[in-house]
Amino acid sequence: MNIFTKSLCLLALLILPVFQVSAQKRARDYGFEFGVMPTGKMNAITDVSGVMVGHKTLVKGDSVRTGVTAILPHGENIFQEKVPAAVYVGNGFGKLAGSTQVEELGNIETPIVLTNTLSVAAGIEGLIDYTFSFPENGGVRSVNSIVGETNDGYLNDIRGRHVKASDVLEAIKDAGSGTVEEGNVGAGTGTVCFGFKGGIGTASRELPEEMGGYTVGVLVQSNFGGVLQIDGLPVGKALEQYAFKNQLESADGSCMIIVATDAPVHERNLRRIAKRALLGLAKTGGIASNGSGDYVLAFSTAENLRIPYQAKSLEKHEMSVLRNDDMSGLFLAVIEATEEAIINSLFAAETTRGYEGHEIKALPISKVVEMLKD
């Protein structure tokens with residue numbers, strides 16, 4: 001490597017952190033606590049066994065600030081081994097492709113893709129390509145792609161539709177079961193939350209053994225407004241940055257919430273779990289405003305509940321699921337994990353300048369931490 005090449009590499013390393021966060025500090029690192037339940041090992045959706053997350057971040061020039069985040073319920077052929085799932089809509093000003101089939105059949109058959117509003121079609125195309133890439137899917141003629149979105153058009157040249165099907169495939173290829181990168185990454189690259197830079201956030205909770213020992217994980221794409229609260233602290237009010245202070249529309253936006261659990265829960269109780277995620281959003285000060293698309297998609301990774309694509313005629317699908325009386329612990333887990341995932345998305349996000357020179361500042365963490373000490 002010559003000295004010129006070394007100089008370029010050094011310059012790249014200096015520039016890269018502007019858009020990618022390494023060794024990210026999370027809300028808990030500053031002394032915040034959320035609820036009473038213990039977190040999983042990584043405090044991420046990937047604490048649910050088998051779940052994987054991948055990102056494709058698109059930062060180009062001074063106008064492209066967008067990307068793709070993919071969540072895989074398991075690493076096998078999802079079309080052939082579907083998992084039970086449910087959707088709950090807090091406020092429906094958005095687009096969640098594939099949701100009606102999930103509601104009808106109670107399962108998902110592709111990875112879940114998150115991106116920007118005008119790239120949903122690219123998400124669908126990428127998931128079709130991914131499904132067709134498996135030889136055993138050679139006879140498939142219909143795929144129910146699951147694609148959610150939020151509008152990143154303030155920081156991103158959204159009309160340029162820069163996300164392509166190939167980016168979706170790269171996000172899926174990038175998926176792993178380890179630590180999940182948060183903040184300005186993937187589908188969170190250009191999002192705004194409570195007037196600050198939003199992004200991708202994640203968290204998890206583990207139930208005690210006497211309640212089954214199950215894990216609940218949440219991943220969010222935060223892009224909404226309201227009056228920010230962090231662990232009960234009235235941060236938005238104290239910083240004088242909140243919905244309706246300047247204009248009514250400041251509260252609008254969206255939040256995609258993905259919930260995973262290894263608990264043996266079928267679609268009816270998965271929908272009940274998904275409902276509770278909105279309580280977690282409310283604890284952060286979100287209000288599900290008129291212009292907000294607040295969607296929750298919950299799924300179970302329990303292997304005994306997988307649904308094969310093809311089965312013998314009249315073959316019964318034997319399963320064992322939790323009773324209604326066993327659900328309250330899971331409800332609390334998803335509330336706490338959703339709240340913390342949203343706050344983690346804010347703590348990880350960085351100040352971003354993008355489309356037409358628009359700039360969104362990161363949450364002033366030092367000021368927030370001072371509030372915690374007072």
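Is it the case that the stretch 155-162 has a residue that's buried (at least 24 other Cβ atoms within 10 Å of the Cβ) and under 18 Å from Val185 (Cβ atoms)? The answer is yes, given that some residue of the stretch 155-162 is buried (at least 24 other Cβ atoms within 10 Å of the Cβ) and under 18 Å from Val185 (Cβ atoms). Looking at the stretch 97-183, the helices (runs of 4 or more DSSP H) lying wholly inside it that each contain 1 or more residues that are in contact (Cβ under 8 Å) with a residue 12 or more places away in the chain and in contact with a Gly (Cβ under 6 Å, 6 or more places away or on another chain) sit at 165-174. Within the stretch 193-247, which residues are open to solvent by less than 40 Å² (accessible area, probe 1.4 Å), farther than 22 Å from Glu303 by Cβ and of a type in the set (Val, Ile, Thr)? Of everything in the stretch 193-247, those that are open to solvent by less than 40 Å² (accessible area, probe 1.4 Å), farther than 22 Å from Glu303 by Cβ and of a type in the set (Val, Ile, Thr) turn out to be Ile200, Thr202, Val220, Ile230, Val235.
Does Asn344 count as under 22 Å from Asn156 (Cβ atoms) and out of contact with any Cys (no Cβ under 8 Å at 6 or more places or on another chain)?
Taking the combined requirement at face value, the residue satisfies it.
Residues in the stretch 54-65: is at least one assigned to a helix (DSSP H, G or I) and surrounded by 24 or more Cβ atoms within 10 Å (Cβ to Cβ)? Taking every residue of the stretch 54-65 in turn, none turns out to be assigned to a helix (DSSP H, G or I) and surrounded by 24 or more Cβ atoms within 10 Å (Cβ to Cβ).
Residues checked against (1) aromatic (Phe, Trp, Tyr); (2) at pLDDT below 95; (3) over 20 Å from Pro111 (Cα atoms):
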site	(1), (2), (3)
Val168	no, no, no
Val185	no, no, no
Glu209	no, no, yes
Val218	no, no, no
Ser222	no, no, no
Glu240	no, yes, yes
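None of Ser292, Ser328 is surrounded by 20 or more Cβ atoms within 10 Å (Cβ to Cβ) and out of contact with any Leu (no Cβ under 9 Å at 6 or more places or on another chain) except Ser292. Residue by residue through the stretch 138-152, note down the ones that are closer than 12 Å to Gly67 by Cα and open to solvent by less than 20 Å² (accessible area, probe 1.4 Å). Of everything in the stretch 138-152, those that are closer than 12 Å to Gly67 by Cα and open to solvent by less than 20 Å² (accessible area, probe 1.4 Å) turn out to be Glu149, Thr150, Asp152.
Take Ala277 and decide whether it is over 15 Å from Gly94 (Cα atoms), in contact (Cβ under 8 Å) with a residue 12 or more places away in the chain and not in a strand (DSSP E or B).
The answer is yes for Ala277.
Note on the stretch 348-362: residues that are buried (at least 24 other Cβ atoms within 10 Å of the Cβ) and either under 19 Å from the mean Cα position of the chain (by Cα) or without any contact (Cβ under 8 Å) to a residue 24 or more places away in the chain (or both) amount to 2. Of the numbered criteria (1) modelled with pLDDT of 95 or more; (2) open to solvent by 10 Å² or more (accessible area, probe 1.4 Å); (3) out of contact with any Pro (no Cβ under 7 Å at 6 or more places or on another chain), the one Thr261 fails is (2).
Condition first: more than 19 Å from Gly188 (Cβ to Cβ) and among the charged types (D, E, K, R). Can you find one or more residues in the stretch 83-97 that meet it? Checking the stretch 83-97: not a single residue is more than 19 Å from Gly188 (Cβ to Cβ) and among the charged types (D, E, K, R).
Among the residues that make up the stretch 283-292, is at least one of them at pLDDT below 95, of a type outside the set (A, V, I, L, M) and in contact with a Ser or Thr (Cβ under 7 Å, 6 or more places away or on another chain)? Yes, that holds for at least one residue.
A residue that is of a type outside the set (Ser, Thr, Tyr), buried (at least 18 other Cβ atoms within 10 Å of the Cβ), in contact with a helix residue (DSSP H, G or I) (Cβ under 9 Å, 6 or more places away or on another chain) and part of a loop (DSSP other than H, G, I, E, B) occurs somewhere in the stretch 76-93.
Matching residues to (1) farther than 16 Å from Thr338 by Cα; (2) modelled with pLDDT under 95; (3) under 20 Å from the mean Cα position of the chain (by Cα); (4) β-branched (Val, Ile, Thr):
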site: Ile230; (1), (2), (3), (4): no, no, yes, yes
site: Phe244; (1), (2), (3), (4): yes, yes, no, no
site: Asp252; (1), (2), (3), (4): yes, yes, yes, no
site: Glu267; (1), (2), (3), (4): yes, no, yes, no
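Looking across the stretch 98-112 at every residue that is open to solvent by less than 20 Å² (accessible area, probe 1.4 Å) and among the aliphatic types (A, V, I, L, M), the one that is farthest from Ile172 (Cα to Cα) is identified as Val102.
As for the stretch 32-43, it holds no residue that is on the phi > 0 side of the Ramachandran plot, surrounded by fewer than 16 Cβ atoms within 10 Å (Cβ to Cβ) and hydrophobic (A, V, I, L, M, F, W, C).
The values are calculated or read from the model by the stated rules, or taken from the named source; none is laboratory data. Predicted model only: the values in this text are computed from it and were never measured. Don't worry about glycine lacking a Cβ; one is built from the backbone with ideal geometry, like all the others, and counts go over all protein chains shown. Side chains are part of the model used for accessible areas, which takes the heavy atoms of the whole protein and leaves out ligands, DNA and RNA. Shrake-Rupley method; radii C 1.70, N 1.55, O 1.52, S 1.80 Å.
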